[in-house]
1. What is the distance, in nm, between label points placed 7 Å from the Cα along the Cα-to-Cβ direction at residue 6 and at residue 29?
2. Consider the candidate values (i) 7.4; (ii) 5.1; (iii) 6.4; state which one is mean projected area of the Cα convex hull in nm² computed from the structure displayed.
3. Rounding to the nearest 10 and keeping the result within 0 to 90°, find how far the Cα-based axis of helix 42-67 lies from the longest principal axis of the chain.
4. How high is the relative contact order of region 10-67, in percent, with contacts defined as C-alpha pairs under 8 Å that are six or more residues apart?
5. Say each of residue 19 and residue 43 gets a label point 7 Å from the Cα, pointing the same way as Cα to Cβ; how far apart are those two points in nm?
6. Would you mind ranking 32, 4 by Cβ crowding within 10 Å, fewest neighbours first?
7. Name the shape class, rounded, prolate or oblate, that the alpha-carbon gyration tensor gives for region 31-70, where a ≥ b ≥ c are the square roots of its eigenvalues, rounded holds for a/c under 1.5, and otherwise prolate holds if a/b is larger than b/c and oblate otherwise.
8. Give the order of 29, 54 when sorted by the count of other beta carbons within 10 angstrom, beginning with the fewest.
């Protein structure tokens, strides 16, 4: 059984991964629109948001699976 502290650290790590994914998507969108002047079509923007949401859902579900006792792959596997 995991302690409360390790559950919190794991959850905060998962939230940090989601924040990084969202930030990178926002930067890519900003660079394309502001720097290069490329207009993003609404349908493309919608699919991009869906993909970012799916990535965040996978990260959070992986954390939940590990917290409930399932075996999830470690984010940084050891190389031997």
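1. Inter-label distance under the simple model: 3.7 nm.
2. Matching entry in (i) 7.4; (ii) 5.1; (iii) 6.4: (i).
3. Between helix and principal axis, roughly 10 degrees.
4. Numbers: 21 pairs, mean separation 34.2, N = 58.
After rounding, I find 59 percent.
5. 3.6
6. Working: 32 13, 4 7.
With the sparsest Cβ surroundings first, the list reads 4, 32.
7. On the way: a/c = 8.76, a/b = 3.24, b/c = 2.71.
Judged from the Cα gyration tensor, region 31-70 comes out prolate (a/c at least 1.5, a/b above b/c).
8. Numbers: 29 15, 54 10.
The fewest-first ordering by Cβ neighbours comes to 54, 29.
Bear in mind that the values in this text are calculations on the coordinates, not laboratory data. Please read these numbers as outputs of a predicted model, since none were measured by experiment. A quick note on method: Cβ atoms are made from the backbone with ideal geometry, for glycine too, and the neighbour counts reach across all protein chains shown.
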